[in-house]
Each structure stands twice: as structure tokens, then as C-alpha cells.
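Q: Sending over a structure as C-alpha cells; questions will come in a sec.
None of the figures in this text is laboratory data; all of them are computed from the coordinates on show. If you're wondering where the values come from, they're calculated on a predicted model, not measured in any experiment. Quick reminder, even Gly has a Cβ in these numbers, built from the backbone with ideal geometry, and neighbours come from all protein chains shown.
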Amino acid sequence: MMNEEEINVPVFFIDGFLEGGKTSFLKETISQEYFRIPGKTLLILCEEGEVSYDLKELEALNIAVEYIENEEDLTHSLMCRFDALYEPERVIIEYNGMWPVRYFEEKELPKGWGIVQQITCVDASTLQLYLTNMKQLFTDMIRNSDMVYFNRCEESQPLSMYRRSVKVINQSADTIFEDVNGDECNIFKEQMPFDLNADVVDIAPEDYGIFYVDALDDPKKYTGKTVRFKAMVIKSKHKEAPYFVPGRMAMTCCANDMQLIGFVCNTKDAPKLKEGQWIDLTAKVNYGFSKVYGKKGIILEPVAIEESEGLADPNVYFN
């Protein structure tokens with residue numbers, strides 16, 4: 001990963017499935033005054049959908065276009081040729097939705113090129129079909145995205161579930177939802193399945209994933225609250241560490257792609273706990289810097305830790 005100081009040619013990487021709204025998103029973006037630059041922009045198109053570019057308009061905006069038909073053609077040597085030919089000040093890559101993103105991430109870029117922003121465009125009306133048949137491809141797309149842009153959204157769609165699915169794979173990704181008219185959808189008004197005004201907020205096992213993602217998105221909502229939930233103990237490699245993670249395993253793609261979701265819990269009693277044991281945890285929620293995260297985040301302070309029986313199905317699902 002290059003430092004920003006080493007990047008002379010910023011690369012904007014746009015991915016998403018066919019007809020996911022990539023071209024429409026880019027056409028709207030490059031037409032904006034704030035996105036214009038004095039130098040040349042190179043637009044590398046790896047897919048052609050129903051929406052097309054106006055080549056005369058691109059030329060007027062000093063944007064050169066190159067088309068790539070096959071994934072194996074997008075090589076380091078070809079990109080170096082583009083760099084020498086156009087001497088671009090900026091590069092935009094509209095990637096093919098059927099090419100695994102990890103293949104591009106493994107490619108060597110020309111000297112001075114570096115990805116500064118990765119955006120995934122998603123047609124919310126067709127996402128469920130892709131999740132059923134091509135979930136691994138979608139997981140690869142969003143794993144390192146800076147923003148996941150959902151378009152063509154309707155209230156009848158499981159938008160909150162889509163947001164949770166993104167967050168469990170990529171906590172730092174911004175998620176934006178727009179309807180068919182391009183107006184932003186507010187999906188954050190959903191009713192929580194637990195009472196946030198209770199003295200102790202009881203979180204049922206089936207609601208743990210909702211709690212986790214909502215707390216990531218809005219930690220202020222939970223700061224100062226006392227919560228209670230069932231979790232598995234995950235301990236530090238350092239046996240005497242004064243903390244553990246009470247969490248659950250979430251399925252992000254398939255049974256072989258599980259990920260722990262949980263928050264750090266500080267306690268001097270952590271060494272007494274057993275790795276993998278189940279507990280009922282009552283804890284106060286704080287927010288601050290943690291060495292475990294390497295940044296600010298939710299930190300739990302235990303009020304009570306009680307041994308508990310495990311769950312028949314311990315995994316968390318987001319679909």
C-alpha cells in the first residue's frame with residue numbers, strides 16, 4: 001500500500017455488477033465542477049452496459065478513454081503504455097463486475113499510480129439475486145471499498161440488512177442509499193428490536209448482529225448505556241491481557257468465510273476466563289481509544305459476567 005505522498009497519479013476504482021449504476025454514477029460525477037482538473041484524465045472502461053458515455057463530452061472535459069475487453073489484457077505493461085501515451089494527471093477505472101476485484105488488487109500499477117478511492121455501485125433491485133448466486137464476488141468488491149453506493153432503492157427492499165451485510169465485511173465503508181429519482185433514502189429510522197431506554201438493554205441472541213452494526217454506525221446512541229447479551233469469549237494471545245472480546249462469528253459469504261464481530265471488554269478478570277466459553281455479559285458501553293483497535297471505538301466495562309450455555313446455532317446471519 002502506497003503512502004499518499006508517493007502517489008503522483010491518483011486512481012479512482014469503481015466496481016459493481018453489470019447494470020449496477022457505475023456508468024451513471026461516473027457520468028454524474030465527472031460533470032460536476034468540483035471534479036474537474038486542468039490535466040488529462042484517463043478513463044479505463046472494462047465493461048459496457050446499457051448506459052454509454054458521450055465521447056465528445058469526454059473529449060471536451062480532457063478525458064481520454066481506453067477499452068479493455070478481457071481481464072488478462074489489463075496488465076502492468078499495458079497500463080505503463082497508457083501512462084506514457086497520455087501522461088494522465090488522474091485515472092478512473094470502471095471495472096468489470098464479473099472480474100474478481102482481488103485479481104486487480106494483486107496487479108502492479110505503473111510507478112506513481114495509487115488507488116485513492118474505491119467505490120462499489122449496487123443496484124438494490126437486483127442485489128438479492130446476485131447475493132444468492134455470486135456472493136463471493138460481492139464480498140470481494142466491498143471488502144476494501146471506501147463507499148458502497150446503493151441506487152434504485154425502494155422501501156420494500158431489505159435495505160437495513162444490506163447495510164449490515166456491508167458493515168460486517170468492511171466496518172469503515174460509508175453506505176449511501178438513493179431511490180430511483182436519485183434522492184437519498186433515510187434507512188436509519190428503523191425500530192430497534194430492543195428497548196434502548198431500559199435500565200439494562202437486553203439484546204436477544206437473534207438481535208446481536210443488529211446491535212453490533214448499529215453500535216458501529218452510531219456509538220453515541222449506546223455510550224453510557226448498560227447492555228446485556230450472550231457471547232463467546234475470545235481471548236488475547238497474551239494470557240495475562242486485561243481484556244477479552246465477547247463476540248459471535250458472522251457468516252460473510254459462506255461457511256468457510258467466518259468473521260468475529262464483537263467489541264473489546266476491559267477487565268482484570270480476563271485471564272480467569274476460558275477461550276471459547278459462553279457467557280451472559282452485562283456491561284456498560286463507553287467510547288474511546290483502544291490499543292486493540294488502534295483507534296477510537298466502543299469499549300465495554302463489565303458489570304456482571306455469568307457462565308452460560310452456548311447457542312444451538314452460534315453464528316450471526318445478515319440475510
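Q: Using only helices, what value at 222 nm comes out for the chain when you add -39,500 (n - 2.57) per DSSP H run of length 4 or more and divide by the total residues, to the nearest 500 deg cm²/dmol?
A: So the helix-based figure for the chain works out to -6000 deg cm²/dmol.
Q: Please work out, to two decimal places, the log10 of the ratio I(q)/I(0) at q = 0.11, 0.12 Å⁻¹ from a Debye calculation in which every Cα of the chain carries one identical scatterer.
A: Debye output, listed in q order: -0.80, -0.90.
Q: Report P(r) for region 201-307: all Cα-Cα distances, bin width 5 Å, range 0 to the bin holding the largest distance, values in whole percent.
A: Cα pair-distance distribution for region 201-307, in percent: 2, 12, 23, 27, 21, 11, 3, 0.
Q: Still on this structure: What is the ratio of the Cα radius of gyration of region 48-156 to 2.2 N^0.38 Å, where N is its residue count, to two decimals?
A: Here the answer is 1.21, to two decimals.
Q: Now for a separate question. Are there any GluC sites (Glu not before Pro) in region 105-166 that are in a DSSP loop and have at most 11 other Cβ atoms within 10 Å? List them by number.
A: Sites meeting the loop and neighbour criteria: E106, E108, E154, E155.
Q: Still on this model: Give the span of region 1-78's Cα atoms along each principal axis, as three whole-Å numbers ordered largest to smallest.
A: Sorted largest first, the three principal extents are 37, 34, 20 Å.
Q: Between region 144-199 and region 263-296, what is the C-alpha centre distance in whole Å?
A: Using only Cα atoms, the two centres lie 27 Å from each other.
Q: If Lys and Arg each add +1 and Asp and Glu each add -1, what is the summed charge of the other residues whose beta carbon sits under 13 Å from the beta carbon of S290?
A: Taking every other residue near S290 into account, the sum is +2.
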